[in-house]
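The values are calculated or read from the model by the stated rules, or taken from the named source; none is laboratory data. None of these values were measured; they are calculated from a predicted model. Glycine also receives a Cβ, built like all others from the backbone with ideal geometry; neighbour counts cover every protein chain displayed. Heads up: the accessible areas ignore ligands, DNA and RNA and are worked out on the full protein's heavy atoms, side chains in. Shrake-Rupley method; radii C 1.70, N 1.55, O 1.52, S 1.80 Å.
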Amino acid sequence: MRASLRAKIIETCNKKIAAKGDNVGLSFYAFFANKNDDPELLMEAATWWIQTHQLDHFEKAIKIKEMVEAM
């Protein structure tokens, strides 16, 4: 996973956790704008989320943040 995507995931998770607490869930779509302006990056996130780790559609932000930080 490229460094810019890792940083974006961590930043988004931090914002969600700060706003809604440790129990907040999210999907990989949370890391992108509503329009598909970077399909390659979206597919990279989807592949990591769905194929590599077989995560559910919604996961706890804290779990995702910890997984990405451990990479």
At 1.4 Å probe radius, can you tell me the per residue accessible area of the chain in Å²? 65 Å²
Rank these by accessible area, largest first, 1.4 Å probe: L5, L41. L41, L5
By the scheme Lys and Arg +1, Asp and Glu -1, what is the net charge of all other residues having a beta-carbon under 12 Å from that of A7? +2
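Inverting the mean 1/r over all pairs of different Cα atoms, compute the Kirkwood radius of region 1-47 and quote it in Å. Kindly include the intermediate steps, with their values, before the conclusion.
Values: mean 1/r = 0.0884 Å⁻¹.
Answer for region 1-47: a Kirkwood hydrodynamic radius of 11.3 Å.
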Using label points projected 7 Å from each Cα along Cα→Cβ, tell me how many nm separate T52 and R2, to one decimal. 1.4 nm
Amide H to amide H under 5 Å from G25: which residues, 5+ apart in sequence or cross-chain, H placed 1.01 Å off N in plane? A61
Gain in span if fully extended, L42 to K63, counting 0.36 nm per residue against the direct Cα distance: 5.6 nm
Considering the Cα positions of region 30-71, please state its Rg to one decimal place and its Dmax as a whole number of Å. 10.9, 29
Pull up the cross-link candidates among the lysines for K20, meaning alpha carbon to alpha carbon under 17 Å and not fewer than 8 places away within one chain. K60, K63, K65
Please return the longest stretch of the chain lacking exposed loop sites, where trypsin sites (Lys or Arg not before Pro) count only if DSSP places them in a loop and at most 15 other Cβ atoms lie within 10 Å. 36-71
Candidates per chymotrypsin sites (Phe, Trp or Tyr not before Pro) in the chain, loop by DSSP, up to 15 other Cβ within 10 Å: F58
